[in-house]
Every structure is written in structure tokens, then in C-alpha cells.
1. Can you give me the solvent accessible area of residue 5 with a 1.4 Å probe, rounded to the nearest 10 Å²?
2. For the stretch 64-102 and the stretch 139-193, what is the separation of their Cα centres, given in Å?
3. Give me the 1.4 Å probe accessible area per residue for the chain, excluding ligands and nucleic acids, in Å².
4. At a 1.4 Å probe radius, carbon and sulfur cover how many percent of the accessible area of the stretch 1-160?
5. Where a Cα-Cα gap under 20 Å defines reach, which aspartates and glutamates qualify for residue 2, not counting those fewer than 8 residues away within the same chain?
6. Probe 1.4 Å, all protein chains in place: accessible area of residue 24 in Å², nearest 10?
7. Would the chain count as rounded, prolate or oblate if I go by the C-alpha gyration tensor, calling it rounded below 1.5 in a/c and otherwise prolate when a/b exceeds b/c, oblate otherwise?
8. At a threshold of 8 angstrom on Cα-Cα distance, excluding pairs fewer than six apart, so keeping six or more, what relative contact order does the stretch 1-155 reach in percent?
Amino acid sequence: MKKMLCKIPHIIHIENFLTNEECDDIIKHGEPLLTDSNVVNVDTGFNEKMDSFRISKDCWFDHGNPLVINLHDKIEKEIGISKKRFEALTMLRYDIGGRYVPHWDYFEEVIPTYHDIVKDVGNRVGTVIVYLNDVEEGGYTTFNKLNLSVEPRKGSMLYFRYDYKNKSDNANTMHAGEPVIKGHKYIVTTWIREFPFSL
């Protein structure tokens, strides 16, 4: 079932987007690859460990991986955007206390490395999150300026889009991964760029 959570910015939530088996298969393949998460340091343009922002483990799947091809095909069909514009699929695991502080996914033009980050492929214009398990307690995705929280439910998908040039609407896409209180939280996510990648 698809539900629009917000019109501006555009936020939709889809239940049962993946089957239990598909979720379990992604976790099984990604678990051995997990390492401590980094975030993009906007001052350097590189992925660096920054504990104060994100506490999680993650891994990237190769675009040629059959799991990625299947999932990207399903996302492409659902949102109507070419998978050629998708960044690499990332799996994340948040353990107890794991969280991601409030942030935006697009890159702001004022950052020193902006032009290097968006060169050729453009800025991020959308985010897809697929929840791979039910979290015992905590781990909600919260849109801080909208008073909106999404519970992590196995197989469900969250999609929101943004135009980095529209400052007022974009401010409302600020979101956070709330701390996991009990259990673990597994997700896969991909970000959508303005232009295709050369794979």
C-alpha cells in the first residue's frame, strides 16, 4: 500500500515493497561486508569517519550485483526515475545507540567542495530508504521540521525528493535516524542524482 505522507516536499511510504525473503537475502549478503560508517566531509569532499554525526556500519554493493539490479529495477518502476541516476546501493546497520543526526541529503552550494562533488552527475535530488527488518524499539526516520516520523517496518520503502535550488521546501527534508533503543536496524538506501553516472 502506497501512502503520501507529505505533498511539499514530496514524501511517500510504501508497505510490503520487498518480501521478507528479499530483505533477509540482502542482509545475508551485506553483513560480512559491513565496516564503520563514514560521511562526506564537506570541507574535503572525502568520506571520513565522523562519530558525532553517524553511528552505524555500512557497505556498498556493486551495481552488477543481482540483488542490486533487482532492487534498482523495482525502485525505478515505482518512482519513475531511471536507475542510471542512482548512486551505489548502501546497506546500513544501526546497533543499540546507533543514529544519524538531523541532516539534509543534498549538497549545499556554499560548501567548499561543492563543484567537485556535483561535477558531471549533478546534485542529489531524491532519497530512497528500504527497511530490512522490524526494529524492537527506536530507529524511526524523523523529519524534524514536519513533525513526521516513519517507523522502520520490514520490507517498507520511504521515498522523498527535493530540489536543492528551492530553499524553503528543501529545509523541510531535514531528517534524522533516531537512536535504536532495542535490537538492530537494517536499511538499504540509494540517493538519486540529477544526471546519469558512467558505470
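1. 50
2. Cα centroid of the stretch 64-102 versus Cα centroid of the stretch 139-193: 13 Å apart.
3. Details: 10090 Å² over 199 residues.
I get 51 Å² per residue for this part.
4. Carbon and sulfur atoms account for 51 percent of the accessible area of the stretch 1-160.
5. Of all the aspartates and glutamates, those that pass the test against residue 2 - Cα under 20 Å, at least 8 places apart if same chain - are 15, 22, 73, 76, 78, 134, 151.
6. Its accessible surface works out to 80 Å², give or take rounding.
7. Rounded, since a/c falls under 1.5.
8. After rounding, I find 22 percent.
The values are calculated or read from the model by the stated rules, or taken from the named source; none is laboratory data. In this text the structure is predicted, and so the values were computed from the model without any measurement. As a convention, Cβ positions derive from the backbone with ideal geometry for all residues, glycine included, and neighbour counts pool all protein chains shown. Only protein heavy atoms, including side chains, enter the accessible area calculation; ligands, DNA and RNA are left aside. Shrake-Rupley method; radii C 1.70, N 1.55, O 1.52, S 1.80 Å.
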